[in-house]
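Q: Below: one structure in structure tokens.
The values are calculated or read from the model by the stated rules, or taken from the named source; none is laboratory data. Source: prediction; values computed, not measured. FYI the Cβ positions are ideal-geometry reconstructions off the backbone, even for glycines, and counts take in every protein chain you see.
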Amino acid sequence: MPIPEPQAHEILLRVHYCGVCHTELDEIEGRLPPPELPVIPGHQVIAEVAECGAQATNYALGDRVGVGWIHQSDGTEFENLADTFVATGCDTNGGYAQFMTVPERYAVPIPEVYGDAEAAPLLCAGAIGYRALKLTGVQNGQPLGLCGFGASAHIVLQLAQHCLPDSPIFVFARTDATRGFARDMGASWTGAHNETPPVPMQAIIDTTPAWLPIVQALQNLAPGGRLVINAIRKESRDQTALQLLSYARHLWMEREIKSVANITRADIAEFLPLAAAADIRPEVVCYPLEQANEALRAVLLVALMTIWAEYLWYDALGYVHRFWTFTLTPVFVVAAGAILAAIAPFILLRRSGPHLRRLAITLAAAGGIVWGLASWRLVLLYLNSEPAGVVEPMLGFDVSFYLFTLPLLDSLFGLGLFVALILLGVVLFLREDSFGLINFKAPYTAPATPLLIPLASLLLAVVFAFGAALSVFHLLYSQMGVVLGPGWTDVYVRLPGLLLLGVIFLIAGTLPLSPRFRRFMTHLVERRLPIGPPTLMAVLGAWTVIGGLWLVLVVAAPQLVQWLVVKPNEITFEVPYIKRNIEFTRKAFKLDEIEERQFAAEARLTEASAADNQHLLSEVRLWDWRALDAVYKQFQEIRLYYEFVDVDIDRYQIGDRYRQVMVAARELAQRNLPERSQTFVNQRFKYTHGYGYTLAPVSDFTPEGLPNLLVKDIPPVTSDEALRVKRPGIYYGELTSEPAVVNTSEPEFDYPSGETNVYTHYSGTGGVVLDSFWRRFLFGWKFDGTVLLLSSYPHEQSRILYNRQIQQRVRKIAPFLVFDQDPYIAAVDGRLVWIVDAFTSSSYFPYSQPFESHEQIEFRGPEIGERTVRRLHGENYVRNSVKAVVDAYDGSVDLYVFEPDDPIINAWQRALPGLFKPRQAMPESVRAHVRYPQDLLLVQGLIFARYHMTDPEVFYNQEDVWVRATEKHYQDVKPVEPYYVMWEQPGSDQAEFVLILPFTPKNRQVLIGWIAALSDGDNYGRFIAYKFPKEKRVLGPQQVETKIDQDAFLSGQLTLWNQQGSEVIRGNVLAIPVDDSLLYVEPIYLRADTAAYPELRLVAVMQGDTLSYAETFEEALLGLFADEPIAMQAKPSNDGSMAELASAARGAFDAYLAALGEQRFLDAAKQLQVLSEVLSQMNTPQVEQPTTERP
């Protein structure tokens, strides 16, 4: 290329070095296409001044300068945000050349301490990192976080250590090797993105291309903290992570989010001296200019190696077809989108200048590429869809059209609109002169080809006509009426209006092509305002007509009819449409299969009935999962590096009893190793897996008040053969976020045994075999660099296990499914497996009401607002279509289809043959542990709370709205979560594992009904709703809590415990159906301030209005059946207990005085009541209090 000539204020630079940035690969591959082509990339330029323009006086020939991302702008403080901002190597030619020009004020001197090559990266990664650090506003001593640890972040770390020497710096990174690198560079703490740092941070800089770290970073901010996003783009693959945002956890307390956009000249000029002072030295690899493509290929090689690693991972799992389908389909769809989008400018601009035509085609093709990347799954689903067998009544289309075809048509409409607007903008505002240069022109200037404007306008009109046709189908999601879906106004006013508008679009779009119409519009306008050529006048006239008719047909007329005609007689007009909404909403959430029954709710549970149901009552859950988790952590983690993530509820056949149990997996958390033990060898080769599990019945206690463990210790000890596991190693779990290299010459730690350890070698088939140098090279590059490549431990039979975290593992295989957040472990056939529920969902089911995840429950007291199942927010169709089973030892993943009638999962089965298995193929031993998901029952329950009303008039009046029952759990009042119980259906003598959710009427606390989902055998998936007789008063869980609080003895005892340095913990109130009556059970725990876990102190049971409580469930249950009240004798007071009572009385009196002095009269009254109760106990050494209270 010729050497460019510098303008008056420019300098000509002879380029010495130019850094390679990933942004350039984005530009070349079309993710961030330059506005004009051709263009020379490169924006990290180190050069010497070769020539100065006539008015350039700041530099002399031979001076060494640098040029960064900013090539020129308006020179203001916020020049990085100006419309005039010109990016080096993108908007204008950059440094991949021998010479380039730049305005002299945007060239900066380079400190002498730097060589040319090591200075280049400072102009991009360094300067943008410096700007991000400035934008945080963090002060010396305040904690700073770095999310991601690439080129920019590691420079920021060094800069922060220099500028903020007293600030702790926390680094979040994906791999252990990267975290180790950060620690070596002086980071105060390192962890994975989902780990919690020691303290909240005042500021966090995010440099990742993903969305999930954003959500996690916001949660780690201190009040008033700021998150600065330093990324030129975010990928769309995990954008759904934003649905996890909670205002309270992530944004409340004045947390801020700020993005970094470009840099200013001042950023570079300020940063370079600071970098020199801090002795920041980037490491670089140099390529000659003629090998610039080689440098880019090195960047591209990273992507190719990533693909190779992905292929090996899928091949090891046996899902190669899934890999190729998801790799090649986007390529084909992107290519098709680019070609489709380029057709219109290619045809319409064939007589325009070549550069203008090329620009329009490039822009349109770029839109097609973006469309392809966003819509390839829609294309794949459409090509594999089949009729669902359900037809909507308004237009007569099968539901599959709305689930598969309409989303694709909507995306095509967006692409067509983009291309039409680009084309119209080009012909109106751009022109190519005789030198081939593209310039702006006024829209009223006549184009070289007179019909270009009318043809571009016609294309836009055709696109809008297509959009009007799509709007007809979108009437099935209309919100104009009482319910979602078309109402009377939609059917009789908006539908005809949209059809007419589509025809008008086509007619009005063709009118400007008529010479007679053009002459007419020209004469009409020129009388008043002669502003443009006839073609433009004709187009403006046509679109004026279209705009007016759109306002009349689509906006004004429907609103007027709805207001003047329908609203005054709404119930008469809308009844048939309410009925359709009810019918299709129930279908969409599978409520049409619900079995609705009456529950007698007898007021009295007899002793005989209790005896007949002893096998059920013995399985009432008395252990709260949080309380049991604390016990497990104290007694069963064994070593500091083991950890229980949570406790799950399941059921097992143990001997001759069908028992409800609580299970937890003992996983290995490498982060819990002592810091000096967190070496490469330990983390990759030695500490590779967790070991075993622990299991306890939900209701059994030892004499010491601890759970009766049926599986415990290391190695796992059990007396029941059904619970024994032959391979207790957990290589895949909820905490296994790091890769492991197994079956090497270095033995793996298996489990501790007394003062020594037992070692093992992995004998499974999981992971990728490291049977060649190139595979070791690949995974060394991917995870640990040369340290893995050069390690002598792996051999040809060694395996590398990665993507071991089970939620990540199943989500990677089937990203189109929504996975439950609570996987659970089960012991089957001598092995441990994880079971994860997965859902298919859509927001395109016709007539169906979307699920609203924000739940409001009103009662006497503050309003409760809950966010429930955010992952399904806005969806109006949900199925629990898949159960994923992951082997904890070898990592094999099986996906079983449990909803064969679901059209969405059927489409995916056809698209991905071999990925799914039928339900019948699931082994019976695994099938025995499948549970109905709590999330699904919660979604269905919240929809059923309104849609149990199937009469349109009753639904219209909202006469019988239900809400979730509330309870006092621990110290907070909150909605009852779905809970598992053992239950027998009426007329059956077989205990079943059932998920239950109770409801109350809106604004009341008495129970109105409950829903149950069955999990066992052929009954799996049965959904039953029990409604109580409306003439009966059935206590709700919150009323049971109130009854306990009002009991004189029990309330005083709980208050006394709370005053004595202990915490009273209220467990879940469980409503247990027993024959035709309900039994309420609430365990009450006590945890001393110095204790690591709570102990069960009381069990309260209630039936009807009768309350009984005792130290055990059996004694409390006996109290319900006693003819005479049974007295509970309190032990006589001794000196120690009297002292405790005196201390409690003194504390209550002090609290009373403090509240009175601050005019908190309600709190003062409460403390006075506490004082009265404590004094009463001090005056009564022998307390006789009945455990049973009857009305």
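Q: Restricting attention to the stretch 872-887, does a residue exist that is part of a helix (DSSP H, G or I), touching a helix residue (DSSP H, G or I) at 6+ places or on another chain (Cβ under 8 Å) and more than 18 Å from Ile806 (Cβ to Cβ)?
A: Yes, the conditions are met somewhere in the stretch 872-887.
Q: Name the residue, out of Leu363, Leu312, Leu380, Leu373, that is among the hydrophobic types (A, V, I, L, M, F, W, C), assigned to a helix (DSSP H, G or I), at pLDDT 95 or above and over 24 Å from Ser471 (Cβ atoms).
A: Answer to the check: Leu380.
Q: In addition: So which residues in the stretch 140-153 are at pLDDT below 90 and within 14 Å of Trp189 (Cα to Cα), if there are any at all?
A: Across the stretch 140-153, the qualifying residues are Gly148, Phe149.
Q: Please give the strands (runs of 3 or more DSSP E) falling wholly within the stretch 174-282 in which 3 or more residues are buried (at least 21 other Cβ atoms within 10 Å of the Cβ).
A: It comes to 201-206, 221-229.
Q: If you take the residues of the stretch 73-106 that are of a type in the set (Ser, Thr, Tyr) and outside any helix (DSSP H, G or I), which of them is nearest to Leu272 (Cα to Cα)?
A: So the residue we want is Thr88.
Q: Is it the case that Leu936 is buried (at least 23 other Cβ atoms within 10 Å of the Cβ), under 21 Å from Asp592 (Cα atoms) and in contact with a Ser or Thr (Cβ under 9 Å, 6 or more places away or on another chain)?
A: no
Q: Hey, among the residues in the stretch 107-123 that are among the aliphatic types (A, V, I, L, M) and outside any helix (DSSP H, G or I), which one's surrounded by the fewest Cβ atoms within 10 Å (Cβ to Cβ)?
A: Here the residue is Val113.
Q: Which residues, taken from the stretch 944-954, are touching a strand residue (DSSP E or B) at 6+ places or on another chain (Cβ under 9 Å) and either within 18 Å of Gly1017 (Cα to Cα) or crowded, with 20+ Cβ neighbours inside 10 Å (or both)?
A: Phe944, Ala945, His948
Table: residues versus (1) modelled with pLDDT of 90 or more; (2) in contact with a Cys (Cβ under 9 Å, 6 or more places away or on another chain).
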| site | (1), (2) |
| --- | --- |
| Arg14 | yes, no |
| Val20 | no, no |
| Glu27 | no, yes |
| Val39 | no, yes |
| Gln44 | yes, yes |
| Ala50 | yes, no |
| Ala60 | yes, yes |
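Q: What residue, among those in the stretch 1030-1054 that are polar (S, T, N, Q) and surrounded by fewer than 19 Cβ atoms within 10 Å (Cβ to Cβ), is farthest from Gly1009 (Cα to Cα)?
A: Ser1051
Q: Looking only at the stretch 1091-1112, filter to residues that are within 17 Å of Leu1056 (Cα to Cα) and free of Cβ contacts under 8 Å to residues at least 60 places away in the same chain; which one of those is surrounded by the most Cβ atoms within 10 Å (Cβ to Cβ)?
A: Ranking the candidates gives Leu1098 first.
Q: Here are some conditions: (1) surrounded by 19 or more Cβ atoms within 10 Å (Cβ to Cβ); (2) under 30 Å from Phe584 (Cα atoms); (3) free of Cβ contacts under 8 Å to residues at least 24 places away in the same chain; (4) not basic (Lys, Arg). Glu392 meets all but one. Which one does it not meet?
A: The number of the failed condition is (3).
Q: Going through the stretch 955-979 one residue at a time, which ones are in contact (Cβ under 8 Å) with a residue 12 or more places away in the chain, closer than 19 Å to Leu1007 by Cβ and of a type outside the set (Val, Ile, Thr)?
A: Asp960, Trp962, Arg964, Ala965, Glu967, Lys968, His969, Lys974, Pro975, Glu977, Pro978, Tyr979
Q: Taking only the stretch 647-659 into account, find how many residues are within 16 Å of Val711 (Cα to Cα) and either in a loop (DSSP other than H, G, I, E, B) or not assigned by TED's automatic domain parsing to the domain that holds Ile714 (or both).
A: 2
Q: Sticking with this one: Given the structure, is Arg671 touching a residue at least 40 places away in the same chain (Cβ under 8 Å), among the charged types (D, E, K, R) and either farther than 24 Å from Leu1007 by Cβ or surrounded by fewer than 17 Cβ atoms within 10 Å (Cβ to Cβ) (or both)?
A: yes
Q: Checking the structure you have, find out if any residue of the stretch 674-683 is of a type outside the set (Val, Ile, Thr), crowded, with 21+ Cβ neighbours inside 10 Å and not in a loop (DSSP other than H, G, I, E, B).
A: Yes, some residue in the stretch 674-683 is of a type outside the set (Val, Ile, Thr), crowded, with 21+ Cβ neighbours inside 10 Å and not in a loop (DSSP other than H, G, I, E, B).
Residue-wise test of (1) at pLDDT below 90; (2) surrounded by fewer than 18 Cβ atoms within 10 Å (Cβ to Cβ).
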{"residue": "Leu622", "(1), (2)": "no, no"}
{"residue": "Gln634", "(1), (2)": "yes, yes"}
{"residue": "Tyr642", "(1), (2)": "no, no"}
{"residue": "Asp648", "(1), (2)": "no, no"}
{"residue": "Arg651", "(1), (2)": "no, no"}
{"residue": "Arg657", "(1), (2)": "no, yes"}
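Q: So which residues in the stretch 247-273 are touching a helix residue (DSSP H, G or I) at 6+ places or on another chain (Cβ under 8 Å) and not charged (D, E, K, R), if there are any at all?
A: Those that are touching a helix residue (DSSP H, G or I) at 6+ places or on another chain (Cβ under 8 Å) and not charged (D, E, K, R): His250, Leu251, Ile257, Val260, Ala261, Asn262, Ile263, Thr264, Ile268, Phe271, Leu272.
Q: Test Asp822 against the criterion of being more than 24 Å from Asn803 (Cβ to Cβ) and either of a type in the set (Asp, Glu) or surrounded by fewer than 18 Cβ atoms within 10 Å (Cβ to Cβ) (or both), and give yes or no.
A: Answer is no for this residue.
Q: Checking the conditions here, which among Val1006, Val976, Val981 is of a type in the set (Val, Ile, Thr), surrounded by fewer than 17 Cβ atoms within 10 Å (Cβ to Cβ) and under 20 Å from Gly941 (Cα atoms)?
A: Just one listed residue meets the conditions, Val1006.
Q: Another question, then. Across the stretch 981-1039, which residue is nearest to Tyr652 (Cα to Cα) among those that are assigned to a loop (DSSP other than H, G, I, E, B) and under 30 Å from the mean Cα position of the chain (by Cα)?
A: So the residue we want is Ser1015.
Q: Just to be sure I understand, how many residues within the stretch 41-57 are farther than 20 Å from Ala117 by Cβ, in contact with a strand residue (DSSP E or B) (Cβ under 8 Å, 6 or more places away or on another chain) and surrounded by fewer than 19 Cβ atoms within 10 Å (Cβ to Cβ)?
A: So the count comes out to 2.
Q: Can I ask one more? May I ask you to say which residue of Asp750, Asp771 is assigned by TED's automatic domain parsing to the domain that holds Phe680 and surrounded by fewer than 16 Cβ atoms within 10 Å (Cβ to Cβ)?
A: Asp771
Q: Here's a follow-up. Go over the candidates Ala217, Ala248 one by one and state the one that is closer than 20 Å to Thr196 by Cα, of a type in the set (A, V, I, L, M, F, W, C), in the same structural domain as Leu159 (by TED's automatic domain parsing) and modelled with pLDDT of 80 or more.
A: Just one listed residue meets the conditions, Ala217.
Q: Does the stretch 70-81 hold any residues that are touching a Ser or Thr at 6+ places or on another chain (Cβ under 6 Å) and surrounded by 15 or more Cβ atoms within 10 Å (Cβ to Cβ), and which are they?
A: Across the stretch 70-81, the qualifying residues are His71, Ser73, Glu79, Asn80.
Q: To continue, here is another question. When residues of the stretch 157-201 are filtered for being of a type outside the set (D, E, K, R) and touching an Asp or Glu at 6+ places or on another chain (Cβ under 6 Å), how many remain?
A: 1
Q: How about the stretch 1047-1077: which of its residues are more than 20 Å from Asp1089 (Cβ to Cβ) and part of a strand (DSSP E or B)?
A: The answer is Leu1070, Ala1071, Ile1072, Pro1073, Val1074, Ser1077.
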